[in-house]
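Input: a single structure, listed below in structure tokens.
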Amino acid sequence: MSEPNLPTQQRRIGLTGGIATGKTTVSDYLAKKYQFPVLDADVYARLAVEKGSPVWQALVERYGNQILWENGTLHRKKLGEIIFADERERRWVEAQIHPYVRSRFVQELSHQVNSVVLVVPLLFEANFTDLATEIWVISCTHDQQIQRLMQRDGLSQEAATSRVSAQMPLSEKKARADVVLENSDTEETLWQQVDRAVERCL
């Protein structure tokens with residue numbers, strides 16, 4: 001089935017970066033200050049693996065009940081332990097989820113007219129760049145990324161490092177960005193960068 005055509009004059013900000021670099025922080029700011037609708041790939045990914053869904057069934061067939069809670073819902077931490085230890089498994093899981101996520105983005109974008117923010121951690125890796133009219137990459141230092149991830153998700157340094165290493169290097173993402181937001185300093189410094197990026201195309 002072909003995808004519907006998206007509005008040609010629509011400003012679609014593809015917001016990405018590494019894990020724990022500040023994507024939610026920036027998207028919340030854009031929603032609050034500029035009232036931009038925010039479409040979040042992580043939300044769609046969670047919907048893709050809801051109990052009983054085709055993707056959920058495929059995951060259970062491959063990994064068994066070890067990845068489920070007692071009530072049958074997906075145990076995301078257990079699945080994460082598997083896929084971050086084996087790149088082939090991670091790619092297989094992503095191949096199950098990404099088509100659903102993309103279809104939801106296209107569906108939602110077809111109903112939007114004005115500026116919209118697409119929060120997509122794997123924007124480049126999943127080949128979703130064509131959905132955006134401009135790409136913003138949020139960056140910070142490697143050490144900050146590890147520390148923030150450990151604090152946010154309660155991970156060991158080894159586990160946090162493996163998750164960061166599983167993604168495309170930030171340097172490569174920054175090289176492909178239209179806008180780079182450095183989130184290594186204060187929030188005020190970050191907001192100033194965001195404001196400049198918004199206003200340059202208003």
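Laboratory data are not the source of any read-out in this text; all were calculated from the coordinates shown. All of these numbers come straight from a predicted model, not from anything done at the bench. No Cβ is skipped: glycine too gets one built from the backbone with ideal geometry, and neighbour counts run over all protein chains shown.
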Among 35, 166, 142, pick out the residue whose Cα is farthest towards the positive end of the charge dipole of the chain, where Lys and Arg carry +1 and Asp and Glu carry -1 on C-beta, about the Cα centre. 35
Given q = 0.11, 0.21, 0.25 Å⁻¹, what are the Debye log10 I(q)/I(0) values for segment 1-85, with equal point scatterers placed on the Cα positions and solvent ignored? -0.49, -1.03, -1.17
Extension gain, residue 142 back to residue 35 (0.36 nm per residue minus Cα-Cα distance, nm): 35.4 nm
Two pseudo-spin positions, 7 Å from Cα along C-beta at residue 125 and at residue 110, lie apart in nanometres by 2.8 nm
Taking max minus min of the Cα coordinates of segment 71-129 on each principal axis, largest first, gives extents in Å of 40, 30, 16
The convex hull of the Cα atoms of segment 43-111, divided by residue count, gives a volume in Å³ per residue of 86 Å³
Give or take rounding to whole Å, what are the principal axis extents of the alpha carbon atoms in the chain, in descending order? 50, 43, 28
Please provide three numbers in whole Å: the alpha-carbon extents of segment 107-202 along the principal axes, with the largest listed first. 43, 31, 24
Given the C-alpha centroids of segment 127-201 and segment 34-82, what is the distance between them in whole angstrom? 24 Å
Ranked list, fewest to most other Cβ atoms within 10 Å of each Cβ, for 88, 104: 88, 104
